[in-house]
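Report on the following structure.
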Amino acid sequence: MANIRRLVLDVVIPNMADVVKLTQDLANLATVKGANTMVSEIDKNVISLKLVLEGANLKLKEIEKVIHSHGGSVHSIDNVVAGKEIIEVVDTPQD
Amino acid sequence: MQLVRYITRGLIDGSLSTLGIVLGAAISGDVKVIIAAGLGGGMANAISNLLGALTAEKASVMINLAKYERAMVGSNIKLKDTKIYDRESKMIWMGGMADATATFFGSIVPIIPFGLLALDSAIIGSILITTALLSVLGMYIGRLSKENLAFAGIKMAAFGLVTAGLAMSLEFFFK
């Protein structure tokens, strides 16, 4: 099975959660090289985040565990990059 | 900032309620009874404030967490198993301990003169020292809320004097 090198997740967390700590905890995972959290929407009680994680061999289960420990939940997996190297999305004339 | 709120609240609560206790107990004319009543009242008040934080504030946090759980549509997450709950629990404990400790130390203030002065002077000393503490706390709160410092201090000192007046009026009913 090819290693997962990048994950883009749509995450929902209660707005009383600590987004900075969540990002640090994700970045502290041995399999994660770096984490980027962008707030995409703030509601009355919840915050929607776009979470970008990169690493040599990302483990979705352990990432979800950290997100759950902060009260968050993965709404959708928006982008997965797997293989020997990271392949970026390329624009085609149809785009 | 949260802890300062608990400490200020505890100091006001402890000093004001114990002022009432010692002035009420002063009817006995026995310094030992006054000090024991003040310390006992102070300890009970401190424990009561700790219990208040651990029960009422915990209930409030749980209600809040349930609201967030309902807002997390599509997820069956239980926030009690998360770091949010751990952080809130820690805050409740720290707040409760700060409140209880400040309440106890606040309650010692009106008792101090009874360990140093004769009864009549100690009664006046107790009112003065408590009123002074309350006015300092009032000014501190006034500074935080950007009120007039003198007005905030006098307002809080007035609460001390009213409490003292009410407690001393008991003498007319029981003597």
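The values are calculated or read from the model by the stated rules, or taken from the named source; none is laboratory data. Remember, it's a predicted structure, so these values are computed and weren't measured experimentally. Cβ coordinates were reconstructed from backbone atoms using ideal geometry, including for glycine residues, and neighbour counts include every protein chain displayed.
Of all residues in the range B:127-163, those satisfying the criterion of being touching a residue at least 24 places away in the same chain (Cβ under 8 Å) and over 16 Å from the mean Cα position of the chain (by Cα) are B:I127, B:L161. Of all residues in the range A:4-18, those satisfying the criterion of being under 11 Å from A:I47 (Cβ atoms) and either at pLDDT 95 or above or in a strand (DSSP E or B) (or both) are A:V11, A:V12, A:I13, A:P14.
Among the conditions (1) within 14 Å of chain B (Cβ to nearest Cβ); (2) charged (D, E, K, R); (3) out of contact with any helix residue (DSSP H, G or I) (no Cβ under 8 Å at 6 or more places or on another chain), the only one that A:K84 does not satisfy is (1). Among the residues of the range A:55-62, is any farther than 19 Å from A:N15 by Cα, in a strand (DSSP E or B) and either at pLDDT 95 or above or within 14 Å of chain B (Cβ to nearest Cβ) (or both)? No, the range A:55-62 has no match at all.
Table: residues versus (1) assigned to a helix (DSSP H, G or I); (2) within 14 Å of B:L16 (Cα to Cα); (3) not small (G, A, S).
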{"position": "B:S121", "(1), (2), (3)": "yes, no, no"}
{"position": "B:T130", "(1), (2), (3)": "yes, yes, yes"}
{"position": "B:G138", "(1), (2), (3)": "yes, yes, no"}
{"position": "B:A150", "(1), (2), (3)": "yes, no, no"}
{"position": "B:I154", "(1), (2), (3)": "yes, no, yes"}
{"position": "B:T163", "(1), (2), (3)": "yes, yes, yes"}
{"position": "B:M168", "(1), (2), (3)": "yes, yes, yes"}
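A:S69: out of contact with any strand residue (DSSP E or B) (no Cβ under 7 Å at 6 or more places or on another chain), within 10 Å of chain B (Cβ to nearest Cβ) and closer than 23 Å to B:G74 by Cβ, yes or no? Yes. Selection of the range B:64-97 for residues being of a type in the set (G, A, S) and assigned to a loop (DSSP other than H, G, I, E, B) yields B:G74, B:S75. Hey, B:A25 hits all of (1) without any contact (Cβ under 8 Å) to a residue 60 or more places away in the chain; (2) hydrophobic (A, V, I, L, M, F, W, C); (3) more than 10 Å from chain A (Cβ to nearest Cβ); (4) surrounded by fewer than 19 Cβ atoms within 10 Å (Cβ to Cβ) but one; which does it fall short on? Of (1) without any contact (Cβ under 8 Å) to a residue 60 or more places away in the chain; (2) hydrophobic (A, V, I, L, M, F, W, C); (3) more than 10 Å from chain A (Cβ to nearest Cβ); (4) surrounded by fewer than 19 Cβ atoms within 10 Å (Cβ to Cβ), only one is false for B:A25: (4). If you go through the range B:66-85 and keep only what is out of contact with any strand residue (DSSP E or B) (no Cβ under 8 Å at 6 or more places or on another chain) and at the interface with chain A (Cβ under 7 Å from one of its Cβ atoms), you end up with B:K67, B:T82, B:K83.
Exactly one residue out of A:I87, A:I77 is surrounded by fewer than 16 Cβ atoms within 10 Å (Cβ to Cβ) and part of a loop (DSSP other than H, G, I, E, B), and it is A:I87. For the range B:1-59, filtering for residues that are over 15 Å from the mean Cα position of the chain (by Cα), assigned to a helix (DSSP H, G or I) and acidic (D, E) leaves 1.
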